[in-house]
């Protein structure tokens, strides 16, 4: 008899009404029945079927077993890919193996690394009972082992799968039959009787609920209402005691401008270095902010072990965390201060700490742009006057050793050098090279242009009369 055992967590024991009778019938009248299914595949003397598209495939074997009507010899065959035939008669005289009243016997929870464990705890017989354990706050929770014993004669024949879910507080997750049905369809198996699972301080004051399922793969479920075969299961609720840490962590922060790191938009790269330490709990995350010296917030972010995603409860899994963070956005001539504070897994928060060195990028560009201005005329036909008129267009092109960020065109209609107005401003922090404006017909006057680079250096063109 090949037993298979699977574990799932996050659910409590399903209340059920009992195990089907396993008594031998005295006499059996031979019979045959046909059953419609979603799919049927012949596998030797056995068949694999699915009852519906939402259910997993499982095996019905041609053997002597109790399917709820006493012991019978069953013969299974697919009559089509949507139907199978089951025939039965009396079993032979050879004794058939039976599923015991309960499969799981006990469970041991251990803290690996220091030899501490709770010994083997009775789980209760079959799916009638649950086991509650408390993992002490003193245990190194990052490496806890589950080990099971069974009531079966040869544990080497069984296979297992493990899973779990967490719930705040104590006790564990509540019973729900639908959850059991959905999860048991997707369980997988392996041969290990032990399971090591890593947990962080985020799991403290929570209950980790584990469920183990068992079956002998004969196609008959001794637990009612299951979508697949289930012969036995147990539930273990492992509550992790909260830590008693009340001391806040400490944090240090330093920063520096990265040399020769000017970006295409004229800003510079910089680096922030943080070092957070806690005596009792792991570091959950670090908050970092960059402000101008007048207090204006420029940037802020949350740093944790989930690539900086805000609100993560994962934490770093360490009481000492060192991180170097590369950032961008420093503007030339501005003074910045960097602040940091650290949080531990118990919710304790450090004081705000300011980096001793300000971030500052001096204006090292003193070269002004060059500029060339021009006026052109287009000839248009004026129907009202039945004659040609000229439309002026003014333009300016500029270049710089870094980049031109703004060009302004000026015009007046009086004497050269008097009363100029801005007629067009072209501006782009990523750089530009020209600016153009077209006037209405017969416009006259005077025109000139100015250009600026990212460092504020400027140039003025000559003035034109037109």
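Every number in this text was worked out from the coordinates using simple rules, so none of it is lab data. Everything quoted here is computed from the prediction, not taken from an experiment. Quick reminder, even Gly has a Cβ in these numbers, built from the backbone with ideal geometry, and neighbours come from all protein chains shown.
Can you work out the PRE-style zone for residue 351? Point 7 Å along Cα to Cβ, and I want the residues of the range 252-289 with backbone N under 14 Å. Counting backbone N atoms under 14 Å from the label point, the list is 252-253. Take each peptide in 31-38, 424-431, count the other Cβ atoms within 10 Å of every residue, and average; sorted highest first, the result is 424-431, 31-38. Between residue 376 and residue 389, the simple spin-label model (points 7 angstrom out along Cα→Cβ) gives 2.1 nm. Shown is the FRET efficiency for residue 324 and residue 137, computed with R0 = 25 Å from the Cβ-Cβ distance and rounded to the nearest 0.05: 0.15. Length gained on full extension, residue 271 to residue 413, computed as 0.36 nm times the residue gap minus the Cα-Cα distance: 45.8 nm.
Working out 0.36 nm times the residue gap between residue 57 and residue 399, then minus their Cα-Cα distance, what length gain in nm do you get to one decimal?
Numbers: separation 342, 0.36 × 342 = 123.12 nm, distance 7.26 nm.
Result: 115.9 nm gained on full extension.
Legend: ranking of residues 183, 60, 442 from fewest to most surrounding C-beta atoms inside 10 Å; resulting order 442, 183, 60. Fewest-first ordering of 281, 379 by other beta carbons within 10 Å of each residue's beta carbon gives 379, 281. The stretch between residue 29 and residue 241, if pulled fully straight at 0.36 nm per residue, gains 70.4 nm over its current Cα-Cα span.
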